[in-house]
Each structure stands twice: as C-alpha cells, then as structure tokens.
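The values are calculated or read from the model by the stated rules, or taken from the named source; none is laboratory data. Since the structure is predicted, the reported quantities are computational estimates derived from the model, not experimental observations. So basically every Cβ, Gly included, is an ideal-geometry build from the backbone, and we count neighbours across all protein chains shown.
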Amino acid sequence: MNFLRRLTFHLWYLYRPPWDSGIVAPEVVAYIQTHQPGRALDLGCGSGTSSLALANAGWRVTGVDFVPRAIRIAKRKAKKINASVNFIVTDVIRLPHYLFANFYDLVLDIGCFHGLAAEQKQKYLDNLETLLAPYGTWLLYGFFKPSENPSPGLLEADIEGVQQRLTLVKRQDGMNMKARPSAWFWFEKV
C-alpha cells in the first residue's frame, strides 16, 4: 500500500470511515453461530466491531490494524463492554513474531487483503499459511479491481493463487456499497 493510501486511512479515522458501520457482517455472525470458539486473528480490524463480536461469543481474539486511532477506538469499545481482545497497532505484512507462536482457528479479513500490492499479497499469504491452524479458516471479504483501473481490489488471479495454498470451501459473490463486484470467501487450510 502506498504512502498516500496509508495517509488516507489515517485521515478517515479522524471522522467515521464509510466502511465502519458498527454492524457485524451477517457472514461473520453465521460463522460464529456454526463454529466452536477458538483462537481468532482479525487482520485489518479497524475499530474492532468483528473482533468484539468474536470475543463476546467466547473466542480468544487478536485484532490488528496499522491505524493507531482505529486501535484506540477498538480498545475503548472493548473496555466499555468489558470484552477481552488483544488489539495491536501493526502492519499486516510486518506482524510481530510473537503472533506466530500460536495457530489461529480463524483468520478474518474484511477488506484488507484486497488493498495490498501484488508483492504484499504474497507476503501476507506466506504469513497466513504459517498462522492458520490445520483445518483453520480464512474468512475473506474483498471487492474486485476493475481491469482498466489502477485502484486496489482483488483479481481472479489472486483467488486462483490462494487456491494453490488453501482449499476454497465457499464463495458468495455480491456488490459492495459502491456497486462494485465483491465476494466473501471461506478458505480452509487442509
């Protein structure tokens, strides 16, 4: 992610980012309802909405975001509802080594992976393979990149690359808030 995009994310958290609705995605709710609590890692957790939902359902959660203000908001929200989540300010490409001491049953990514440059996506996936427990799930949401546009987003080639590493269990296509094609993916480490 380039400097200007990173700065934009920092500036959005001075207000309320359009993606930060405070509502837990139905796909995350469905996952929580159909899986036993375990260890979860929320990459690009923002203000912690999904992390807190997981914690309230009994999961041991670590939430990661590179925007310090987002993490401060997440910590305040956790304190307000007495939820235990380990929120960390760091980049998803440069995760602290101690996070690799555990395996995660769930790695959640709602809109982070699709914003990375191609070489960053490869490093992210290398880390993901190490972090996921056997039969662990990577629950990913992302929007697709218009081929003629230099804006961020997923390419079908990204998904094909992931499928060389993880098993695609489910894909649910839809549209994001700006009517861009998007999808939820459930990948499993087998």
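Considering (1) within 20 Å of Ala40 (Cβ to Cβ); (2) under 15 Å from the mean Cα position of the chain (by Cα), the lone condition that Leu166 does not fulfil carries the number (2).
Working carefully through the options Leu108, Leu116, Leu99, find the one that is touching a Phe, Trp or Tyr at 6+ places or on another chain (Cβ under 7 Å) and buried (at least 17 other Cβ atoms within 10 Å of the Cβ).
On the way: Leu108 fails: touching a Phe, Trp or Tyr at 6+ places or on another chain (Cβ under 7 Å); Leu99 fails: touching a Phe, Trp or Tyr at 6+ places or on another chain (Cβ under 7 Å).
Of Leu108, Leu116, Leu99, the one residue that is touching a Phe, Trp or Tyr at 6+ places or on another chain (Cβ under 7 Å) and buried (at least 17 other Cβ atoms within 10 Å of the Cβ) is Leu116.
Restrict the check to the range 134-149 and report whether at least one residue is modelled with pLDDT of 95 or more, more than 16 Å from Gly63 (Cβ to Cβ) and out of contact with any strand residue (DSSP E or B) (no Cβ under 8 Å at 6 or more places or on another chain). Looking for residues that are modelled with pLDDT of 95 or more, more than 16 Å from Gly63 (Cβ to Cβ) and out of contact with any strand residue (DSSP E or B) (no Cβ under 8 Å at 6 or more places or on another chain), one finds at least one in the range 134-149, hence yes.
Out of the residues in the range 132-158 that are within 18 Å of Leu106 (Cα to Cα) and either aromatic (Phe, Trp, Tyr) or outside any strand (DSSP E or B) (or both), state the one that is farthest from the chain's Cα centre (by Cα). Spell out the reasoning first.
Taking the range 132-158 first, the residues within 18 Å of Leu106 (Cα to Cα) are 132-142.
Checking which are either aromatic (Phe, Trp, Tyr) or outside any strand (DSSP E or B) (or both) leaves us with 135, 138, 141.
On the way: Tyr135: 18, Trp138: 9, Tyr141: 8 Å.
Checked the range 132-158; the qualifying residue farthest from the chain's Cα centre (by Cα) is Tyr135.
Of all residues in the range 74-97, those being within 18 Å of the chain's Cα centre (by Cα) and within 22 Å of Phe113 (Cα to Cα) number 13.
In the range 177-190, how many residues are crowded, with 17+ Cβ neighbours inside 10 Å and either under 16 Å from the mean Cα position of the chain (by Cα) or within 17 Å of Gln120 (Cα to Cα) (or both)?
Residues of the range 177-190 crowded, with 17+ Cβ neighbours inside 10 Å: 182-187, 189.
Next, only the ones that are either under 16 Å from the mean Cα position of the chain (by Cα) or within 17 Å of Gln120 (Cα to Cα) (or both) stay: 182-187.
Adding up the residues that qualify gives 6.
When you scan the range 149-157, do you find a residue that is of a type outside the set (Asp, Glu), touching a residue at least 24 places away in the same chain (Cβ under 8 Å) and out of contact with any Lys or Arg (no Cβ under 9 Å at 6 or more places or on another chain), even just one? Spell out how you get there, then give the answer.
Our first condition is that a residue be of a type outside the set (Asp, Glu); within the range 149-157, this holds for 149-155, 157.
Checking the rest, the ones that are also touching a residue at least 24 places away in the same chain (Cβ under 8 Å) come to 152-154.
Okay, now just the ones that are also out of contact with any Lys or Arg (no Cβ under 9 Å at 6 or more places or on another chain), so none.
The answer is no; no qualifying residue exists.
Residues being in contact with a helix residue (DSSP H, G or I) (Cβ under 8 Å, 6 or more places away or on another chain), of a type in the set (Gly, Ala, Ser) and not in a strand (DSSP E or B) are entirely absent from the range 101-112.
Can you tell me how many residues in the range 55-87 are β-branched (Val, Ile, Thr), in contact with a Ser or Thr (Cβ under 7 Å, 6 or more places away or on another chain) and under 21 Å from Pro37 (Cα atoms)? Step through it out loud before you land on a result.
Within the range 55-87, the subset β-branched (Val, Ile, Thr) is 61-62, 64, 67, 71, 73, 81, 85.
With the extra rule that they be in contact with a Ser or Thr (Cβ under 7 Å, 6 or more places away or on another chain), the set shrinks to 61, 64, 73, 85.
Going one step further and asking which of them are under 21 Å from Pro37 (Cα atoms), we end up with 61, 64, 85.
Adding up the residues that qualify gives 3.
Consider the range 127-175. How many of its residues are of a type in the set (Gly, Ala, Ser) and surrounded by 13 or more Cβ atoms within 10 Å (Cβ to Cβ)?
Narrowing the range 127-175 to residues of a type in the set (Gly, Ala, Ser): 133, 136, 142, 147, 151, 153, 157, 161, 174.
Among the residues that remain, those that are also surrounded by 13 or more Cβ atoms within 10 Å (Cβ to Cβ) are: 133, 136, 142, 153, 161.
Qualifying residue count, the range 127-175: 5.
Contact map, the range 39-59: first residue under 14 Å from Arg76 (Cβ atoms) and assigned to a helix (DSSP H, G or I), second residue of a type outside the set (Gly, Ala, Ser) and at pLDDT 95 or above, Cβ cut-off under 7 Å, separation 6 or more or different chains; pairs are Thr49/Val24; Ser51/Asp42; Ser51/Cys45; Ser51/Val61; Ser51/Val85; Leu52/Lys77; Leu52/Ile81; Leu52/Val85.
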